[in-house]
Amino acid sequence: MLSVAQVVVGCRRQPEALASPPGPSPIAIRLDYLHHLGLDAVVKGKPVRVVSLYAEAPDYRPTGSPARDGYEGIASLDDAARAAVVYLRAYETTGDARARAEALGLLAFVVGMEQGDGEFVNFVDAQGRPNRNAPSSRKSMSYWGARSIWAMGEAVRVLGPSDSADLKTVRPVLDRAVNRMAREIEAGRLIGGSATATSEALLGLLALQRAEPSPRIAALAERTAGLLVPLSMGSARTAPWGARVDSPGETWHAWGSRSTVALAEASVVLGRPDFAVAAQREADGLWGRFLLAGQMPSAITSRPSNSSAEAGAPQWFPQIAYGVGPIVEGYLALADATGKRDYAVMAGLAASWFVGANPARVNMYDEATGRTFDGIDGPSPLRLNRNAGAESTIEGLLALQSVAGNPEASQYLHYRAVGAPSSTLASIPGQREFAGSGHARVVLRRAANGTVGVERASTTATPITLTYWPAANPPETRLAMRLAKQWNAENPDVQVQVQPLPAGRSSEEVLLAAIVAKATPDISSNVSSALLARLVRAKGVVRLDNRVATAARLEERTNPAMLGSLRLPDSGIYAFPWKTNPEMLMYNIDLLKAAGVRPPRTHSELLAAFKRLTRDTDGDGRPDRWGLWATLKTTWYERFYDFYPLYLAGSGGQTLVVNGKVVFENEAAVAALELFRRGFAEGGLPHSNFAIGRDPFIDGTVAMKIIGPWFLKELNELKVQGLHFDVVPMPAPDSSSPDKHYAFADLRSIAIFSTTRHPDEAARFVAFLTSPAADRLLLEDASQLPYRRGLATDPRFTASLKTWPTLSTYAKYVERTRDIDVDPDVVEIFDLISEAYEESAIYGKVPVRKALARAAAEARNIVNAR
């Protein structure tokens, strides 16, 4: 058996030279142009940010409302509120401090435009004076009020957990606005008489409900959604094909058609599948016709088909971002609510309008700046409006932000419809082909019931085969087989073969040895942080944050803080963070209660618990029951269950090596080692490794255990009778702040190896393995947590988290974890810490500080020798 060191030496001699070719780049979401449109203003004596209404080509100088609109003002709440949503979502996914600052400035404008009773004025002039006279600006609960609720709800969802102080002025305004909205809804009236405005207000309620579940908000959201459901006219086979309009007989317009996204999100947040069914009516009937027609109209007549031959007649122009974007977002919300990938594919095809698949064959969205043109105003000779005002840019960004976080939609963004577009919606082809790069094709086909489905055409005569190595443990192998079977059924051109990781002393050695032998699989899902830096140094893995599918999934699943520890010196992500097992302190409820011990939260409480829980039950004069068991083994990874979790809890999440410097010679490390030294020296911890296969926590020998959620499945399978347990965060030094406590992540990632011949197809499979549907299976089948932001409060996973006792508690710590350092010498550094642990804590032969100083000095020698 090769040792890790031997394998690494081999890797250094024979680095894998094959570099997988780069694939298409993910779409770039830029906020530069939106920043350009931003203006400073003063409203009610307070500084705020607004967004200029217009900017005309070619210089794109921000300007206000023109004479044709009655000189309404320089900026509107309609635009500012939606821009705040853009910035909040950007901050959520990128951590961009400037986006956060812009969002807060725009929210200040929202607050300033509220009139003390939950109603809002829409426009201001250059001096910050509200326009109270224009019909589009009068004090009311209308479009601008609805969008204000949307922005403020999103602010609570995104900023509430960590930036609540910045929302102090927002909270009372949001409360008044929701109360004012409730009066309209309870009277059975749409906000502003509009399905669009009502839908956007509903989005705000749903964001608020996700952040702070409340029976009152849930009930109001249900009533609001209930007003939208019956507005759908016709059916998938009869005009106007499910179009949702403000009232029967009115013309349907694409502009702001957000009832589908609102109802789909309501189905998830409120647990109402019937809302998803309602949401599908317009998408399945009407929007599917748009795609089969090969173009998207701006309006259609919606008279019942039995009273007018004109029902369903389209108006093709103008085509604007405000018309296309809500359709894209609606498809993606349906994909999320139903789990149907076809909706994500159709979202990508619809979003292609922004990147050239439009009558003008022009990129309406500029990736270099984030600017979106104002629209295509007429047919041939086409009248392209190259101006770029606030609404078009904001709506383009909202749509493309959604696409950038969905692997399927991102993949189909650059496909193009084949053949001439239809001139009518009443007579459309039964199918339409869309072509991607190379020979890639996808076909949309209309079913007998009028709905549209996706058929993925094979791009090769012989299917591509990918080899996937999951961990060899039975739960993960079963999960891998189940997911691969589903993938193979849905992707006939890319087939996956599952082979459990070959036997070896550790997965690290097996994978490194495979690199040396040039026998790596295409994909493996058992890559630890200890292995990652070595794999990269051996040129053995593919970068993932610059490939369409994996970049989109990273954006949907994580944030910069969660990815920070995984970035290599070139800022690249070379392994996809898949699952985490936050280490917590599990305790036997009955044993602690009998001893009069509360679950310990600090070091002093833990030491006191050791004393009260240590007992001699057989009267032989020697303890046979203890508070906690810590293994006497000195293998490097054993420190994951004793020293390292306590160290992270006390260090504020600081790991062992930061920016190439050894930093663990500190008070947090001293405190962790000292706690174990006292535990062993005072008899509170057993000097025993116990029999192989015996778990002293399960049999009641010890009352506490440091462990991750994977242990929950093991407890269930053993069917232990009478064991009542719970978990608490790792105890920390008495003086430390709870806000700075972190758990050990015990992270496992998925890597694509550079020997693969099909890196983009492999990236698609990795995105599939990390999808919400796959994550639910990981929770339910393996009691393990996906490394996913907001997991504990995400309604998509609420039922899955209830599968196992205490799993919801573990989930609260997913974003408050730290893993081991992505450092090529981290194993040797943990070996040194294990030696210090053994000589100072277990046997007390060397003072803690001296042992720690020696380990740190040797670690510095290793790091400095690189």
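Go through segment 702-745 and report how many residues are among the basic types (Lys, Arg) and either open to solvent by 50 Å² or more (accessible area, probe 1.4 Å) or part of a loop (DSSP other than H, G, I, E, B) (or both).
Count: 2.
Specify the residue that is modelled with the lowest pLDDT; the eligible residues are those in segment 528-545 that are buried (at least 22 other Cβ atoms within 10 Å of the Cβ) and not in a loop (DSSP other than H, G, I, E, B).
Only one residue fits best here, namely 534.
Please pick out the residue among 238, 260 that is hydroxyl-bearing (Ser, Thr, Tyr) and open to solvent by 10 Å² or more (accessible area, probe 1.4 Å).
238
Just one of the numbered conditions (1) touching a Ser or Thr at 6+ places or on another chain (Cβ under 8 Å); (2) of a type in the set (Ser, Thr, Tyr); (3) surrounded by 20 or more Cβ atoms within 10 Å (Cβ to Cβ); (4) more than 30 Å from residue 24 (Cα to Cα) is not true of residue 756; which one?
Single failed check for residue 756: (4).
Which of (1) crowded, with 24+ Cβ neighbours inside 10 Å; (2) farther than 30 Å from residue 271 by Cβ does residue 329 not meet, given it meets every other one?
(2)
Being crowded, with 23+ Cβ neighbours inside 10 Å and basic (Lys, Arg) narrows it down to one residue among 216, 244, 189; which is it?
244
I'd like to check something: does segment 66-76 contain any residue that is at pLDDT 95 or above and assigned to a helix (DSSP H, G or I)?
no
Can you say whether residue 672 is closer than 20 Å to residue 588 by Cα and at pLDDT 95 or above, as far as the supplied structure shows?
no
Please go through (1) closer than 30 Å to residue 352 by Cβ; (2) under 28 Å from the mean Cα position of the chain (by Cα); (3) at pLDDT 95 or above; (4) open to solvent by less than 20 Å² (accessible area, probe 1.4 Å) for residue 280 and return the number of the only condition it doesn't satisfy.
Residue 280 satisfies every listed condition except (4).
Quick check on this structure: which one of 417, 484, 426, 480 is within 17 Å of residue 526 (Cβ to Cβ), surrounded by 14 or more Cβ atoms within 10 Å (Cβ to Cβ) and touching a residue at least 40 places away in the same chain (Cβ under 8 Å)?
After ruling out the rest, the residue left standing is 480.
State whether the residues of segment 393-416 include one that is in contact with a Phe, Trp or Tyr (Cβ under 6 Å, 6 or more places away or on another chain) and part of a loop (DSSP other than H, G, I, E, B).
yes
Check 299, 313 and return the single one that is surrounded by fewer than 21 Cβ atoms within 10 Å (Cβ to Cβ), touching a His at 6+ places or on another chain (Cβ under 7 Å) and of a type outside the set (Val, Ile, Thr).
Exactly one residue qualifies, and that residue is 299.
Within segment 590-619, which residues are surrounded by 15 or more Cβ atoms within 10 Å (Cβ to Cβ), part of a loop (DSSP other than H, G, I, E, B) and more than 38 Å from the chain's Cα centre (by Cα)?
595, 597, 614
Among 854, 849, which is in a helix (DSSP H, G or I), closer than 21 Å to residue 652 by Cβ, open to solvent by 20 Å² or more (accessible area, probe 1.4 Å) and among the charged types (D, E, K, R)?
849
What helices (runs of 4 or more DSSP H), lying completely within segment 86-204, carry at least 2 residues that are more than 25 Å from residue 262 (Cβ to Cβ)?
Those helices (runs of 4 or more DSSP H) span 97-113.
Go through 189, 129, 100, 138 for me and flag whichever is touching a helix residue (DSSP H, G or I) at 6+ places or on another chain (Cβ under 7 Å) and of a type in the set (Lys, Arg).
Only one candidate qualifies: 100.
Could you grab the pairs with beta carbons closer than 7 Å, sequence gap of 6+ or different chains, first residue in segment 238-257 and farther than 14 Å from residue 193 by Cα, second one charged (D, E, K, R) and assigned to a loop (DSSP other than H, G, I, E, B)?
Short answer, once both residue conditions are applied: 249/303.
Quick grid of which residues meet (1) open to solvent by 10 Å² or more (accessible area, probe 1.4 Å); (2) not charged (D, E, K, R):
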position	(1), (2)
93	yes, yes
104	yes, yes
113	no, yes
138	yes, no
149	no, yes
161	yes, yes
172	yes, yes
180	yes, no
194	no, yes
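State whether the residues of segment 827-846 include one that is closer than 30 Å to residue 345 by Cβ and free of Cβ contacts under 8 Å to residues at least 40 places away in the same chain.
Within segment 827-846 (the criterion being closer than 30 Å to residue 345 by Cβ and free of Cβ contacts under 8 Å to residues at least 40 places away in the same chain), the answer is no, since none of the residues qualifies.
If we scan segment 391-413, do we find a residue that is out of contact with any Ser or Thr (no Cβ under 7 Å at 6 or more places or on another chain), open to solvent by 20 Å² or more (accessible area, probe 1.4 Å) and over 30 Å from residue 770 (Cβ atoms)?
yes
If we keep just the residues of segment 115-127 that are at pLDDT below 95 and not aliphatic (A, V, I, L, M), which is surrounded by the most Cβ atoms within 10 Å (Cβ to Cβ)?
Once the filter is applied, the top-ranked residue is 125.
Hey, any hits in segment 655-664 for a residue that's open to solvent by 40 Å² or more (accessible area, probe 1.4 Å), touching a residue at least 12 places away in the same chain (Cβ under 8 Å) and more than 30 Å from the chain's Cα centre (by Cα)?
Yes, there is a match, as at least one residue in segment 655-664 is open to solvent by 40 Å² or more (accessible area, probe 1.4 Å), touching a residue at least 12 places away in the same chain (Cβ under 8 Å) and more than 30 Å from the chain's Cα centre (by Cα).
Could you tell me whether segment 478-486 includes any residue that is within 30 Å of residue 59 (Cα to Cα) and either under 28 Å from the mean Cα position of the chain (by Cα) or not in a strand (DSSP E or B) (or both)?
no
The values are calculated or read from the model by the stated rules, or taken from the named source; none is laboratory data. Please read all numbers here as calculations on a predicted model, not as lab measurements. So basically every Cβ, Gly included, is an ideal-geometry build from the backbone, and we count neighbours across all protein chains shown. With ligands, DNA and RNA removed, areas are computed over all heavy atoms of the protein, side chains included. Shrake-Rupley method; radii C 1.70, N 1.55, O 1.52, S 1.80 Å.
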